[in-house]
Ligand code: FPP
């Protein structure tokens, strides 16, 4: 990554946004399920893990484009609580890949003002990876650029169970009145605390599932599914996703202006 974004003003940023996009209606938070790495590799006669390696490049490019185009937060599903059931070799490759990427990219992330956080049950990760995550999180905590959230050993149900346990513990200690628990209280216990909910979920490789990703936070997200495998996800595919998003009418359970007007008259 270059250093050019660190001092980019809002005006300059809007200029980086492709002409087809409305810079004012760029989604503030984009979440992505990076699916199809294994199939991308197999289709080329390569070992599955080569797909993960190529997937890192696609993720770096996506992060840079999102930052250029004014997206404020990018949350990527890198390793789910279910992914431990994959062959040991693939799990080990992924853990080592996460470590290498962090070691290799941290300086660039710092220079780009990216704030990186890892969301999930991190205690179960290899100790070396935990240490690198702690270091990267601390070193980028005060950065003012895009928020880059990497969901690692993440499961939406697990996240909700942990939040319930935390609230129950506080209630049992008499620190919290059960009837005072509302959506904000619960959201504050999630790994994503402090981050606004995603506006857009992108899933690659044509699958149409949520796969235990951000179950609470995706309540009103627009969903864009593309057939491309994650390693092939590029500028054109991201632009298509954002244009699809900008073509949607978001109603959050209410009525859009047209229908509300018709009922009101
Ligand atoms: C899903 O494809 C992808 C993963 C389980 C791993 C994604 C991880 C990365 C791209 C690395 C990111 C690294 C950092 C440090 C942020 P799949 O293997 O399920 O593909 P398939 O459906 O074709 O089998």
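The values are calculated or read from the model by the stated rules, or taken from the named source; none is laboratory data. The model shown is predicted, which means the values in this text are computed figures rather than measured ones. Positions of Cβ are generated from backbone atoms using ideal geometry, with glycine treated the same way; all protein chains shown enter the neighbour counts.
For the condition in contact with a strand residue (DSSP E or B) (Cβ under 7 Å, 6 or more places away or on another chain), crowded, with 16+ Cβ neighbours inside 10 Å and assigned to a loop (DSSP other than H, G, I, E, B), residue 150 does not qualify. Summed over region 159-194, residues that are assigned to a loop (DSSP other than H, G, I, E, B) and surrounded by fewer than 19 Cβ atoms within 10 Å (Cβ to Cβ) total 11.
Restricting attention to region 45-54, the residues that are on the phi < 0 side of the Ramachandran plot and either outside any helix (DSSP H, G or I) or within 7 Å of the ligand (Cβ to nearest atom) (or both) total 5. Among the residues of region 197-215, is any in a helix (DSSP H, G or I) and within 21 Å of the chain's Cα centre (by Cα)? Looking for residues that are in a helix (DSSP H, G or I) and within 21 Å of the chain's Cα centre (by Cα), one finds none in region 197-215, hence no.
If the condition is being in contact with a helix residue (DSSP H, G or I) (Cβ under 7 Å, 6 or more places away or on another chain) and either under 30 Å from residue 99 (Cα atoms) or within 16 Å of the ligand (Cβ to nearest atom) (or both), then region 153-192 contributes 153, 163, 189, 190, 191. Restricting attention to region 131-147, the residues that are surrounded by fewer than 11 Cβ atoms within 10 Å (Cβ to Cβ) and assigned to a helix (DSSP H, G or I) total 1. Within region 220-242, the set of residues being closer than 12 Å to residue 30 by Cα and touching a strand residue (DSSP E or B) at 6+ places or on another chain (Cβ under 6 Å) comprises 221, 222, 223, 224, 241. Within region 78-94, identify whether any single residue is buried (at least 21 other Cβ atoms within 10 Å of the Cβ), within 19 Å of residue 204 (Cβ to Cβ) and over 20 Å from the mean Cα position of the chain (by Cα), and answer yes or no. Scanning region 78-94, I find no residue that is buried (at least 21 other Cβ atoms within 10 Å of the Cβ), within 19 Å of residue 204 (Cβ to Cβ) and over 20 Å from the mean Cα position of the chain (by Cα), so the answer is no.
Here residue 31 meets the list (1) under 11 Å from the mean Cα position of the chain (by Cα); (2) near the ligand (Cβ under 8 Å from one of its atoms) almost entirely, failing just condition (2).
I need the full set of residues from region 85-100 which are free of Cβ contacts under 8 Å to residues at least 12 places away in the same chain, more than 28 Å from residue 144 (Cα to Cα), within 11 Å of the ligand (Cβ to nearest atom) and assigned to a helix (DSSP H, G or I), in order please. Result: 91, 96. Note on region 2-44: residues that are modelled with pLDDT under 60, in a loop (DSSP other than H, G, I, E, B) and surrounded by fewer than 16 Cβ atoms within 10 Å (Cβ to Cβ) amount to 6.
Yes/no per residue for (1) more than 21 Å from residue 124 (Cα to Cα); (2) more than 13 Å from the ligand (Cβ to nearest atom); (3) touching a residue at least 40 places away in the same chain (Cβ under 8 Å):
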| residue | (1), (2), (3) |
| --- | --- |
| 35 | yes, no, yes |
| 57 | yes, no, yes |
| 65 | yes, yes, yes |
| 77 | no, no, yes |
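For region 101-129, the set of residues classified as assigned to a helix (DSSP H, G or I), within 11 Å of the ligand (Cβ to nearest atom) and within 26 Å of residue 65 (Cα to Cα) consists of 101, 102, 103, 104, 105, 106, 109, listed by residue number.
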